[in-house]
Amino acid sequence: MSTLDTPKRVAGKRVREQERRRQAILDAAFVQFTSEGFAATRLDAVADAAGVAKGTIYLFFKDKEDLFEKTVLAAIGPTLSNLDSVVARADLPFPQLLGQLSDLFRREILETKRREIVRLVIAEGARFPGIAEFYHREVISRGLSIIRKAAQRAQDNGELPSDALVRFPQLLFAPMLISIIWSCVFTQHEPLDVEGMLAAHRDLLLGVPHDGSAKP
């Protein structure tokens, strides 16, 4: 191997080490934010958990709010991409599409710690408007746009009884939000049949009778 390759190897190793430290910070920040909340999270604790000096955080992130935003994007971004991929399937009948979206929500949000991000935004968004604005811009607005596009296609194909979901794509997310709040607050008092509720909600959106059983 030529000695000319040595600087490239060194540079590549340095880039990988920087990415490793950045990812370690994001992982530690996710745990801190979702367990302690935004206000109570301390960058010292994030640094300790990540195994880096506190100053290292500032090599990658401007401040705590920037770290929070990047943490949310790292956690939720892949789910939004998967959501977009499902909706992009123009050949998929709308009832099946809704079923796949429900499965995606349960698998990637409700049954993971990502649900704690939603709870955090609800709990602290009013106190920290920047958090709410960011989450709406980067997550909510993107999700609504994706669903509105799918609903419009279904409406054009005659698969929806009205244009309600086109006008109010929030209707699709309403039971998902309820299930997150319920799982975080009320499950120990009264377990919720999330799958059954989402199936019933799909039937309501599609304008068909619901027989009380969950549908795929």
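The values are calculated or read from the model by the stated rules, or taken from the named source; none is laboratory data. Given the structure is predicted, the values throughout are model-derived calculations rather than measurements. Methodologically, a virtual Cβ is constructed for each residue, glycine included, from the backbone with ideal geometry; neighbour enumeration extends over all protein chains shown. The accessibility values were calculated without ligands, DNA or RNA, using every heavy atom of the protein model including side chains. Shrake-Rupley method; radii C 1.70, N 1.55, O 1.52, S 1.80 Å.
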Review point. Looking at the chain, how many pairs of lysines come closer than 29 Å at the Cα, when each pair is eight or more places apart or spans two chains?
Key: 19
Practice item. Place the peptides 123-129, 61-67 in order of packing, highest mean first, counting for every residue the other Cβ atoms within 10 Å and averaging per peptide. Key: 61-67, 123-129
Point to revise | With all protein chains modelled, accessible area of Ile109 [1.4 Å, Å²] | key: 20 Å²
Revision key, fill the gap. The chain: Kirkwood hydrodynamic radius (Cα pairs, Å) comes out at 19.6 Å
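Please list Lys113, Lys13 in order of solvent-accessible area, largest first, computed with a 1.4 Å probe with all protein chains present.
Order by accessible area, largest first: Lys13, Lys113.
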Review point. How long are the semi-axes of the ellipsoid equivalent to region 39-143, from square roots of 5 times the Cα gyration tensor eigenvalues, in whole Å, largest first?
Key: 31, 15, 13
Exercise for review: With a 1.4 Å probe and every protein chain kept in, tell me what percent of the accessible surface of the chain is carbon plus sulfur.
Suggested key: 56 percent
Exercise for review: Pop a pseudo-label 7 angstrom from the Cα along the beta-carbon direction at both Leu206 and His189 and give the gap in nm to one decimal.
Suggested key: 3.4 nm
Check your understanding: Where in the chain are the DSSP H helices whose alpha-carbon span along the long axis reaches 30 Å or more and whose Kyte-Doolittle mean is at least 0.0?
Key -> 64-87
Check your understanding: How much net charge surrounds Arg22 when only the other residues with a Cβ under 11 Å from the Cβ of Arg22 are counted, with Lys and Arg +1 and Asp and Glu -1?
Key -> +1
